[in-house]
1. To test your reading of the geometry: what angle, between 0 and 90 degrees and rounded to tens, separates the Cα axis of helix 172-192 from the longest principal axis of the chain?
2. Test of understanding: in a Gaussian network model of the chain with alpha carbons linked when under 10 Å, which of 83, 38, 193 would top the mean-square fluctuation ranking?
3. Quick check: the angle from helix 70-82's long axis to the longest principal axis of the chain, C-alpha only, nearest 10 degrees?
4. Return the calculated 222 nm mean residue ellipticity for the chain, to the nearest 500 deg cm²/dmol, obtained by summing -39500 (n - 2.57) across DSSP H runs with n ≥ 4 and dividing by the residue count.
5. Pairing the Cα long axis of helix 210-220 with the longest principal axis of the chain, what angle in degrees results, from 0 to 90 and rounded to the nearest 10?
6. In whole Å, how far is the Cα centre of region 1-63 from that of region 145-214?
7. Choose one answer from 114, 37, 130: the residue with the largest mean-square fluctuation in a GNM of the chain with alpha-carbon springs under 10 Å.
8. Using a Gaussian network model on the chain with a 10 Å cutoff between Cα atoms, which of 118, 220, 189 fluctuates the most?
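What follows draws every value from the coordinates through simple rules; no lab data is involved. Model, not experiment: these values are computed from the prediction.
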């Protein structure tokens, strides 16, 4: 697994040039569409606050493990000690295989009534060698899957889901243990590859959406180290800037 040190990716969407700059403020807004994702500063005062939870992978394995909620540690240990499973992290996916993983997430998204995967972005990340897909399988069936934007700086968890919406082979508790185990095994592998941080890519800074609060609780089982960053889009194309004003 050879990791990139890049903090930006350039690609095309329709007739427009796009630049994704992530976890850095050093990118230039020189494309038609410039996404600044989790920037440490509010560039041009035009981005929105974004909160996330991080794990420092430079800590020892024992320190990271001790920082996980004790009941979550017990669930992970139970799954690893008593279940037969396959865990893999894949990169540089063939187009057909990536499309399949995207479709699997989109089925989940439809059931949950949430946004489908940004296929254009995932394809660009895959083409630039910074997309990773991990999974746990049992009896040749997918149990849970994670998508990551993966660089030397961060393993950023873009999408994460289980298959309890399509499988009757396991109960909800089993899916929960497997899902937590997938995160833990990914953390260990990324630490082995000398990635600096594991990023849960979002923490809901509100109190009205119970679904998002539940997701917060899941993430907080692994770490409570919260940081404020900034995300948003800057248009460098005159037509797109005009359309934005109309909105």
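1. Tilt relative to the chain: about 60 degrees.
2. 83
3. Orientation of helix 70-82: about 60 degrees from the principal axis.
4. The helix contribution divided over the chain gives -11000 deg cm²/dmol.
5. 70
6. What the calculation gives is 19 Å, centre to centre.
7. Between 114, 37, 130, it is 114 that shows the largest mean-square fluctuation.
8. Looking only at 118, 220, 189, the biggest GNM fluctuation is shown by 118.
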